[in-house]
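Laboratory data are not the source of any read-out in this text; all were calculated from the coordinates shown. Just so it is clear, the model here is predicted, and its values are computed rather than measured. Cβ atoms come from the backbone with ideal geometry, glycine included; neighbour counts cover every protein chain shown.
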């Protein structure tokens, strides 16, 4: 599949450019990334360059994973990343620390979900995060995901293990309203 751009009044999702490698590398030095994400650790500048120049275009072409960078509509600044894995329907995202708290990830998730459902790529989207990643879980809850429980992660962690994860699902037929049943720490917003 050829990459597609998605946009709203608040956000633009498009493909990365070589200049995005520097801020990607910088943001991926965040200790939260080591704790909660599956990105390589330590994260090197060459990891960002390879992800941008090889992995993302190759995954789009193979219909394996659809990845976008987040930007404000009127800026080329790199804010973060969101991806949807085609086969599993798993969504993943991260945002650079300076941009957190601005509702960018819920908007990006809405754009990606609307696109994936409209294109018939998936009937449901799966989300997960390591137990304790309250910020990620709050985003999923806000986006209308139904809490599906706690269990071994569907995606392997960087060491190949499948640690305990909170999991959720968003179906094409869901109304996207906030649903109960999330862990108490997540529902305390």
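Below, the figures for the structure above:
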quantity	calculated
Cβ crowding within 10 Å averaged over residues, with 134-146, 6-18 ranked highest first	134-146, 6-18
Extension gain (nm, one decimal) between residue 41 and residue 118, 0.36 nm per residue minus Cα-Cα	24.1 nm
Sorted peptide list for 121-128, 83-90, criterion being average Cβ within 10 angstrom, highest first	121-128, 83-90
Percentage relative contact order, the stretch 6-80, counting C-alpha pairs under 8 Å, at least six apart	43 percent
Burial ranking of peptide ranges 172-179, 113-120 (average Cβ count within 10 Å, highest at the top)	113-120, 172-179
Separation between Cα centres of the stretch 49-109 and the stretch 5-46, rounded to whole Å	8 Å
Cα-based equivalent ellipsoid, the stretch 73-189: semi-axes from gyration tensor eigenvalues, Å	20, 18, 16
Computed [θ] at 222 nm, helices only, for the chain once each DSSP H run of length n ≥ 4 contributes -39500 (n - 2.57)	-7500 deg cm²/dmol
Global geometry of the stretch 2-101, whether rounded, prolate or oblate, following the gyration tensor of its Cα atoms and the 1.5 cut on a/c	rounded
